[in-house]
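Visitor: Quick one: the structure is below, questions incoming.
Values in this text are rule-based calculations from the coordinates and carry no lab data. This structure is a prediction, so every number in the text was calculated from the model and none was measured. So basically every Cβ, Gly included, is an ideal-geometry build from the backbone, and we count neighbours across all protein chains shown.
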């Protein structure tokens, strides 16, 4: 069985970050993660980023070090940083997912509910709950 790695974090958006900056982050993240065979999600709401990255351990650790140094966010709270035999988003779609609408978020939440046999799904579902109460994402 192939062993994957998962990194999940929340961070506070820098005060001077514009909508255009956020759009650029989304586009760059999606493009690079798709190229590097990274699954997961990224969303922005209520002044925070929430990201789940799944894939090759070495690549994710290097990527996460870059992410932590990025001045477009701060106050990073690490939720997971560990190996996993069952990545949550590996079968969600063939691409890394940017969550821009409440419909996107509801779709991911339903996917997590449908895949509760993966223990991380339940934890992620709880973490996404505050975002589900927001009327609007990014």
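Visitor: Multiply the residue separation of residue 20 and residue 132 by 0.36 nm, subtract the distance between their alpha-carbon atoms, and state the gained length in nm to one decimal.
Guide: Answer, rounded to one decimal: 38.0 nm.
Visitor: Shifting gears a bit: Which FRET efficiency value, to the nearest 0.05, do you get for residue 117 and residue 79 by plugging their Cβ-Cβ distance into 1/(1 + (r/R0)^6) with R0 = 25 Å?
Guide: Efficiency computed from Cβ-Cβ geometry: 0.80.
Visitor: Highest mean first, how do 12-24, 40-52 rank when packing is the count of other Cβ atoms within 10 Å averaged over residues?
Guide: Packing order, densest peptide first, comes out as 40-52, 12-24.
Visitor: Would you please give the FRET efficiency between residue 2 and residue 32, computed as 1/(1 + (r/R0)^6) with r the Cβ-Cβ distance and R0 = 35 Å, to the nearest 0.05?
Guide: According to the calculation, E is roughly 0.95.
Visitor: A further question on this structure: Nearest 5 is fine: what % of DSSP beta bridges in the chain come out antiparallel, could you say?
Guide: The antiparallel proportion sits near 90 percent.
Visitor: Additional query: Kindly state, to the nearest 0.05, the FRET efficiency for residue 70 paired with residue 110, given R0 = 35 Å and r defined as their beta-carbon distance.
Guide: Plugging the Cβ-Cβ distance into 1/(1 + (r/R0)^6) gives 0.70.
Visitor: Percent relative contact order of the chain, based on C-alpha pairs within less than 8 angstrom and at least six residues apart?
Guide: Relative contact order here is 35 percent.
Visitor: Among 6, 120, rank each residue by its count of other Cβ atoms within 10 Å, from fewest to most, as a rough exposure measure.
Guide: By the 10 Å Cβ count, ascending, the order reads 120, 6.
Visitor: Do me a favour and compute the ellipsoid semi-axes for the stretch 49-122 from its Cα gyration tensor, root of five times each eigenvalue, largest one first, whole Å.
Guide: 22, 17, 11
Visitor: So what is the calculated 222 nm ellipticity per residue for the chain, using -39500 (n - 2.57) for each DSSP H run with n of 4 or more, over all residues, to the nearest 500 deg cm²/dmol?
Guide: -13500 deg cm²/dmol
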